[in-house]
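Novice: Quick one: this structure, given as structure tokens, is what I'll be asking you about.
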Amino acid sequence: MKEFDVVVIGGGPAGYVAAIRSAQLGLSTALVDEYVGKDGKHALGGTCLNAGCIPSKALLDSSEHYHRVKHKFGSHGITATGLTLDVSKMIERKDKIVSTLTKGVAGLFKKNKITWLQGHGRLELGMKVRVSPVAGEGEEEVVQAKHIILATGSVPRTLPNLTIDQEKVVDSTGALEFKEVPKRLGVIGAGVIGLELGSVWSRLGAEVVVLEAMDDFLAMTDEQIAAEALKEFKRQGLDIHLGARVNKADVSGAGVVVDYEDAEGEHQLEVDKLVVAVGRKPHTDGLNSTEVDLFVDESGYIHVDEFCCTNIPDIYAIGDVVRGPMLAHKGSEEGIMVAERIAGKKTRVNHDTIPWVIYTWPEIAWVGKTEKALKKEAREFQSGTFPMRASGRALAMEETVGLVKVITDAGTDEILGVHIFGAAASELIAEAVVAMEYKASAEDLACIVHAHPTMSEAVHEAALGVHKRSLHI
Ligand code: FAD
Ligand code: AMP
């Protein structure tokens with residue numbers, strides 16, 4: 001039986017990063033992954049590289065180019081005639097990017113001498129992992145581990161009264177594979193994924209209707225930003241219905257009939273395709289958790305402490321399959337921490353400074369607490385905001401929608417949260433993360449020189465605004 005210092009189950013951004021870091025630290029490492037791509041071949045990278053972060057950003061970019069040429073070039077004096085859209089080419093480009101990256105991870109595995117075991121991993125008593133072939137190829141094998149890292153990720157949630165056929169009723173994976181732009185697209189769920197994918201197809205010309213069960217829009221986001229974002233997305237053409245709970249959907253003739261109810265009663269909506277984006281759930285199927293006494297909580301998450309230790313010594317769990325936000329970078333950081341702790345280091349992850357991004361246009365990004373959360377904690381705070389319309393660079397780019405908000409402790413001025421709605425918010429938020437990691441105050445941010453003209457000046461101005469010192473508003 002082969003023996004390894006570390007066996008990782010799951011090759012997404014949590015698992016593959018844990019494997020690379022383990023190998024860098026001199027630990028003999030194997031990683032088991034069962035993912036098989038649409039070409040029938042095994043691929044590393046998990047949801048993120050194959051059906052999540054990367055392919056969605058590839059389509060996002062294509063759709064933004066199309067939208068700009070069609071709707072935004074005119075004001076620059078640029079006229080494009082004969083504009084056409086080739087969705088299959090767009091999908092091909094996306095697939096190429098995915099394959100470049102997944103092959104890149106396989107290359108990193110080779111370089112770091114990590115054994116890639118292709119198949120389904122199942123825990124067995126005595127720190128063993130059974131690897132079974134999934135595509136009918138290869139032999140079953142059992143490997144012995146000193147340490148096991150579980151990184152089995154998450155899968156899309158669905159609703160009881162509908163069937164995902166990946167043709168007319170699709171989950172997020174199917175929504176990355178449309179062969180043409182649907183005329184009418186329904187999206188269930190105005191969460192991170194529903195808004196991102198809804199925006200992609202809307203920019204490409206689909207009429208998009210979003211049905212969201214909750215009355216509040218983006219409840220986890222800063223309230224002012226959520227309100228501005230709702231207004232902006234509606235202005236862009238997304239037909240967002242809040243307080244609209246979908247009960248069932250049936251494929252009927254050429255389309256899909258969706259039954260939903262809101263405060264006014266029951267309604268039916270007919271669409272050509274329906275994206276079900278009602279969240280994701282932790283994935284522990286077939287892991288054999290009960291037999292090995294691994295504690296999985298009532299919501300299906302593997303129970304871990306702050307260092308990602310499970311209830312079984314030397315078995316760890318990281319990424320989407322454990323508590324915390326389902327974000328790739330959160331999983332990767334947990335992977336690094338666990339590998340380093342196995343190697344005897346004292347690494348920890350600061351869960352309070354994990355940045356969130358919603359990849360709409362403009363983007364929404366934040367780190368730390370919202371005013372609503374601070375009010376709940378009865379913590380005294382002060383805040384400064386700066387609208388993008390007052391930024392010279394935003395004006396030059398015609399990207400004047402949005403704002404930056406910096407929230408600090410009323411007594412110490414330590415930054416407690418930064419919330420951004422605007423072009424390049426996903427990049428701008430990095431400055432706020434660094435500031436918060438170093439426990440900076442708004443005053444510290446205000447003292448830092450920001451290049452002119454850049455979008456980052458809006459962060460600077462919002463920090464000045466905490467002490468009512470903004471210069472350009
Ligand atoms: P996963 O990436 O889900 O990987 C788990 C892997 O384990 C899979 O390959 C799976 O096949 C394998 N596996 C599971 N069980 C077993 C087993 N028993 N044996 C062998 N293999 C197994 N996050 C961001 O941070 N930024 C984004 O922009 C972003 N965009 C997204 C867009 C979409 C459309 C979706 C769906 C998700 C997006 N996410 C994004 C979320 C992100 O993809 C996840 O947070 C991330 O992939 C989680 O990483 P993970 O390693 O925990 O799990
Ligand atoms: P997220 O977890 O960010 O991907 O968001 C998923 C969204 O789907 C949440 O805002 C949920 O409120 C929403 N949702 C879940 N079930 C339903 C349903 N039956 N009808 C409409 N929206 C739903």
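Nothing in this text is a laboratory measurement; each read-out follows from the coordinates by a stated rule. Since the structure is predicted, the reported quantities are computational estimates derived from the model, not experimental observations. Don't worry about glycine lacking a Cβ; one is built from the backbone with ideal geometry, like all the others, and counts go over all protein chains shown.
Novice: Would you mind giving the three semi-axes, in whole Å and largest first, of the ellipsoid equivalent to the stretch 424-466 according to its Cα gyration tensor?
Specialist: 15, 13, 8
Novice: Put +1 on the Cβ of each Lys and Arg and -1 on the Cβ of each Asp and Glu in the chain; which of 446, 127, 220 then has its Cα farthest toward the positive end of the dipole?
Specialist: My answer, from the dipole projection, is 446.
Novice: So what does the Cα-only Debye profile of the chain read at q = 0.06 Å⁻¹, as log10 I(q)/I(0), no solvent term?
Specialist: Per q value, in the given order, log10 I(q)/I(0) is -0.30.
Novice: Label points 7 Å out from Cα along the Cβ direction at residue 165 and residue 397: separation in nm?
Specialist: 4.3
Novice: Quick one: of 346/468; 72/94; 70/248, which pairs are farther than 32 Å apart, Cα to Cα? List each step's numbers first, then the result.
Specialist: On the way: 346/468 41 Å; 72/94 24 Å; 70/248 36 Å.
Beyond 32 Å between Cα atoms: 346/468; 70/248.
Novice: Oh, and also: Using only DSSP helix segments of four residues or longer, with each worth -39500 (n - 2.57), what per-residue ellipticity at 222 nm results for the chain after dividing by its residue count and rounding to 500?
Specialist: -9000 deg cm²/dmol
Novice: Using only the Cα atoms, work out Rg/Rh for the stretch 353-465, with Rh taken as the Kirkwood radius, to two decimals.
Specialist: Values: Rg = 13.1 Å, Rh = 13.7 Å.
Using Cα coordinates only, the ratio equals 0.95.
Novice: Continuing with this model, one more query. In the P(r) worked out for the stretch 100-180, what percent of Cα pairs fall beyond 16 Å?
Specialist: On the way: 2301 of 3240 pairs.
Value for the stretch 100-180: 71 percent of Cα pairs lie more than 16 Å apart.
Novice: Lysines within cross-link reach of residue 345: Cα-Cα under 18 Å, excluding same-chain residues under 8 positions apart?
Specialist: Straight-distance partners of residue 345: 146.
Novice: Calculated FRET efficiency, residue 100 and residue 180, Cβ-Cβ r, R0 30 Å, to nearest 0.05?
Specialist: Calculated transfer efficiency: 0.75.
Novice: Can you tally the lysine pairs in the stretch 353-465 where the Cα-Cα distance is under 18 Å and the two residues are eight or more apart, or on different chains?
Specialist: Total qualifying Lys-Lys pairs in the stretch 353-465 comes to 5.
Novice: Which is farthest toward the positive dipole end of the stretch 1-96 among 25, 74, 52, measuring Cα position about the Cα centre, with Cβ charges +1 (Lys, Arg) and -1 (Asp, Glu)?
Specialist: The residue sitting farthest along the positive end of the dipole is 74.
Novice: If you don't mind, another one. From a point 7 Å beyond the Cα of residue 134 in the direction of its Cβ, which residues of the stretch 1-18 have a backbone N at a distance under 17 Å?
Specialist: Output list for this probe position: 8-17.
Novice: Among 185-194, 356-365, 250-259, 60-69, how do they line up from the highest to the lowest mean number of other beta-carbon atoms within 10 Å?
Specialist: So the order, starting with the most tightly packed, is 185-194, 356-365, 60-69, 250-259.
Novice: Using 0.36 nm per residue, how much length does the chain from residue 214 to residue 69 gain when fully extended, once their Cα-Cα distance is taken away?
Specialist: Full extension from residue 214 to residue 69 adds 48.7 nm.
Novice: Here's a follow-up. For the chain, with the dipole built from +1 on Lys and Arg beta-carbon atoms and -1 on Asp and Glu ones, taken about the Cα centre, which of 390, 182, 308 lies farthest toward the positive end?
Specialist: It is 390.
Novice: Which percent of Cα pairs goes in each bin when the distances of the stretch 337-395 are cut into 10 angstrom slices starting at zero?
Specialist: In order of increasing distance, the bins hold 16, 28, 30, 20, 7, 0 percent.
Novice: Could you compute the FRET efficiency for residue 454 and residue 380, with r as their C-beta to C-beta distance and R0 at 45 Å, rounded to 0.05?
Specialist: Efficiency for this residue pair is about 0.90.
Novice: For residue 240, enumerate residues with amide H under 5 Å from its amide H, sequence gap 5+ or separate chain, H modeled in the peptide plane.
Specialist: HN-HN under 5 Å from residue 240: 210.
Novice: Same structure again: Using a simple spin-label model with points 7 Å from Cα along the Cα→Cβ vector, what separation in nm is obtained for residue 39 and residue 1?
Specialist: It works out to 3.6 nm between the two label points.
Novice: Which far-off residues, 5 or more places away or on another chain, put their amide H under 5 Å from the one on residue 216, with H placed in the peptide plane?
Specialist: none
Novice: Along Cα→Cβ, 7 Å out, is where each label goes; now give me the distance between the ones at residue 254 and residue 24 in nm to one decimal.
Specialist: 5.4
Novice: When only DSSP loop residues count, what trypsin sites (Lys or Arg not before Pro) in the stretch 379-465 have their Cβ near at most 16 other Cβ atoms within 10 Å?
Specialist: Passing sites in the stretch 379-465 are 379, 439.
Novice: Taking Cα centroids, how far is the stretch 140-200 from the stretch 420-473 in Å?
Specialist: Using only Cα atoms, the two centres lie 35 Å from each other.
Novice: Stretched out fully, how many nm does the piece from residue 437 to residue 113 gain, at 0.36 nm a residue minus the Cα gap?
Specialist: Working: separation 324, 0.36 × 324 = 116.64 nm, distance 3.34 nm.
In short, 113.3 nm is gained.
Novice: Compute the Rg to Rh ratio over the stretch 169-278 from the alpha carbon atoms, using the Kirkwood formula for Rh, and round to two decimal places.
Specialist: Reported Rg/Rh (Cα atoms, Kirkwood Rh): 0.95.
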